[in-house]
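Asker: Take a look at this one; I'll ask things after.
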Amino acid sequence: MTAKIIDGTKIAEEIRGELKGKVDELRKQGITPGLVMVRVGEDPASVSYVRGKSKASEELGIYSETIVFPEDTKEEVVLAKVEELNKDPKFHGILVQLPLPKHIDSDKVLNAIDPKKDVDGFHPVNVGKLLIGEPYFLPCTPHGVQQLLIRSGYDPGGKHVVICGRSNIVGKPLMAILVQKKKGANATVTVCHTGTKDLAATTRQADILIAAMGSPKVITADMVREGAVVIDVGVNRIPDETKKSGYRLVGDTDFDAILEKAEAITPVPGGVGPMTVTMLMVNTVRAAEMRLAKKR
Ligand code: GUN
């Protein structure tokens, strides 16, 4: 058996097509959804991610601006900018690209964002609202994973989902999304992490296995149950002299070996990545719709 490839680029395009209609509708009513991104320093991955988000905004008719601060910017300067952006009516969504330089307390900055403009869904208010099943915004990468599953015919309802990785950006919010008693969720969720005793024994029980550990190819074929659906959230740069850039991207799974065992798997790149950007667009449009609904 060779696994079906879950095409994140195609599913992301499908969602953007649906979203374009909503943006056009808002613009007809005189509202252009606005997204502002704040980047501090020149981390190459962050530069590339922010550029991708800006391009996606432009393609959809969402207004976007990127504010770039030098690496040595003081924490209070970034906090003051966030306060200013909270009040700026042009922007419905604010995103501060992570990681921030070490001298800046990321939690302090994320906590300063107005929860109704927090399109990343990282503010503690939004984390709490997600957990109780009443979210303003779903965090982008986990929401992208849920949409990939639903739209490729693998509804998580009643399935055993094993998540490897407990980050605040992916593992924990994905658990909170999939455990809800809701359509497209309602799964039994296990979260594995560095303290998990026999990782392979747990991953082999998964109907749906999510790899979100942030280490290249750590999920090997022997850890995957025959016929499982595998979603690879990893984006790891490994040296490759045959590439102009000097590196290539690999996920957290041993993709080629798992292809022969799984029912379906996402590639890296072209799996979860395009979905993350698209769900950010979804949240920005939602933020604009929320503001409009409040005015009515
Ligand atoms: N850095 C890596 N992923 C993300 C993300 O989803 N949002 C932000 N703001 N920073 C990130």
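The values are calculated or read from the model by the stated rules, or taken from the named source; none is laboratory data. Source: prediction; values computed, not measured. Glycine also receives a Cβ, built like all others from the backbone with ideal geometry; neighbour counts cover every protein chain displayed. Side chains are part of the model used for accessible areas, which takes the heavy atoms of the whole protein and leaves out ligands, DNA and RNA. Shrake-Rupley method; radii C 1.70, N 1.55, O 1.52, S 1.80 Å.
Asker: Could you grab the relative contact order for the chain? Cα pairs under 8 Å, six or more apart, rounded to a whole percent.
Answerer: On the way: 588 pairs, mean separation 65.0, N = 296.
Contact order relative to length: 22 percent.
Asker: Another question, then. Can you list residues whose amide H is under 5 Å from V38's amide H, if they're 5+ apart or on another chain and H is modeled 1.01 Å from N?
Answerer: So V38 has HN proximity to I67, L95, V96, Q97.
Asker: Work out from phi, with θ = phi - 60° and the Karplus expression 6.51 cos²θ - 1.76 cosθ + 1.60, the ³J(HN,Hα) of each residue of the stretch 141-153, listed in order in whole Hz, and give x for Gly and Pro.
Answerer: 3J(HN,Hα) across the stretch 141-153, in whole Hz: 5, x, 5, x, 4, 4, 5, 4, 5, 4, 6, 9, x.
Asker: If I take R0 = 30 Å and measure r between the Cβ atoms of L292 and L79 in this structure, what FRET efficiency does the formula 1/(1 + (r/R0)^6) give, to the nearest 0.05?
Answerer: Values: r = 28 Å, r/R0 = 0.95.
Efficiency, rounded to the nearest 0.05: 0.60.
Asker: Separate question: Leaving ligands, DNA and RNA out of it, rank M290, M275 by accessible area with a 1.4 Å probe, largest first.
Answerer: Working: M290 45, M275 0 Å².
Highest to lowest solvent-accessible surface, that is M290, M275.
Asker: Separate question: Expressed as a rounded percentage, what relative contact order does the stretch 67-192 have, with Cα pairs under 8 Å and six or more residues apart?
Answerer: The value is 18 percent.
Asker: If you fit an axis through the alpha-carbon atoms of helix 44-60 and take the longest principal axis of the Cα set of the chain, what angle between them do you get, 0 to 90°, nearest 10?
Answerer: 70 degrees
Asker: Here is a follow-up. Helix 272-295 versus the longest principal axis of the chain: what angle, 0 to 90°, nearest 10, using Cα atoms?
Answerer: The angle comes out near 40 degrees.
Asker: Taking only the alpha-carbon atoms of the chain, what semi-axes of the equivalent ellipsoid follow from 5 times the gyration tensor eigenvalues under a square root, in whole Å, largest first?
Answerer: Semi-axes, largest first: 32, 22, 19 Å.
Asker: Please list, ordered by chain and number, the residues whose modelled amide H lies under 5 Å from the amide H of T73; skip anything fewer than 5 residues away on the same chain.
Answerer: Answer set, sorted by chain and number: none.
Asker: Net charge within 15 Å of C140 by Cβ-Cβ distance, Lys/Arg positive one each and Asp/Glu negative one each, not counting C140 itself?
Answerer: Result for the local shell: +3.
Asker: Given the rule -39500 (n - 2.57) for each run of at least 4 DSSP H residues, summed and divided by the residues of the chain, what is its mean residue ellipticity at 222 nm, to the nearest 500 deg cm²/dmol?
Answerer: Values: 10 runs with 120 residues, N = 296.
Here the helix-only value at 222 nm equals -12500 deg cm²/dmol.
Asker: Ordering T141, T278 by how much accessible area each has at a 1.4 Å probe, largest first, what is the list?
Answerer: T141, T278
Asker: Just the accessible area per residue of the chain, please: how many Å² with a 1.4 Å probe? Before the final figure, lay out each step's value.
Answerer: Numbers: 14020 Å² over 296 residues.
Per residue, the chain has 47 Å² of solvent-accessible surface.
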